[in-house]
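All remarks here apply to the structure that follows.
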Amino acid sequence: MKTIALNKRASHDYHLLEHFEAGLVLSGQEVKAVKNNQISIKGAFVTFSENQPYLTNAHISPYKFAGDLPGYQPDAPRKLLLKKSEIKTLLGKKQSQGLTIVPVKIFTNRRGLIKLDIALARGKKQFDKRASIAEKETKRKIARSIREKG
């Protein structure tokens, strides 16, 4: 499993509750661009249109060797491939509990397919962010002191 893109802001801005693995519907040149790390999922989110999930606000740059691509939109919504039961779960929890669905990372699986790790998330308040930063700093201090003593 090779990680292609990571959304570091997701774990900073949200409490990630439940993860799902989804496929992405991409054109040929988009696949090549994604495998060359020409994708950004910073600020991206999942929306639903007619009960179908779409990755919105993700930027896939045009593949430089693809030639002229008339009408190509780098920020166009891209359909996600999920099981019906997973779609129902996501829709139900999003509507009833007021959760957000955010992309966490894009990776390739063993067969070379491009997959997207999405998570049901609840937004963090400002004091939650401060607490998580303080917790990370104490873990770093503990690890540093252990290394110095050992």
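Throughout, read-outs are computed from the coordinates displayed, never taken from laboratory work. Note that this is a predicted model, so its numbers are computed, not measured. Please note: Cβ atoms are built from the backbone with ideal geometry, for glycine as well, and neighbour counts cover all protein chains shown.
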Arrange the peptides 56-69, 97-110 so that the one whose residues have, on average, the most other Cβ atoms within 10 Å appears first.
97-110, 56-69
q = 0.14, 0.15, 0.18, 0.25 Å⁻¹, the stretch 1-65: log10 I(q)/I(0) [Debye, one scatterer per Cα]
-0.49, -0.56, -0.80, -1.33
Below 8 Å between Cα atoms, with a sequence gap of 6+, how large is the relative contact order for the chain in percent?
33 percent
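Write down the Å³ per residue value for the convex hull defined by the alpha carbon atoms of the stretch 97-150. Could the numbers behind the result be given before it?
Working: hull volume 7.2 nm³, N = 54.
Spread over its residues, the Cα hull of the stretch 97-150 gives 132 Å³ apiece.
Largest first and in whole Å, what are the equivalent-ellipsoid semi-axes of the stretch 2-124 based on the Cα gyration tensor, each being the root of 5 times an eigenvalue? Can you show the working numbers first?
Working: eigenvalues 125, 45, 37 Å².
Listed largest to smallest, the semi-axes of the stretch 2-124 are 25, 15, 14 Å.
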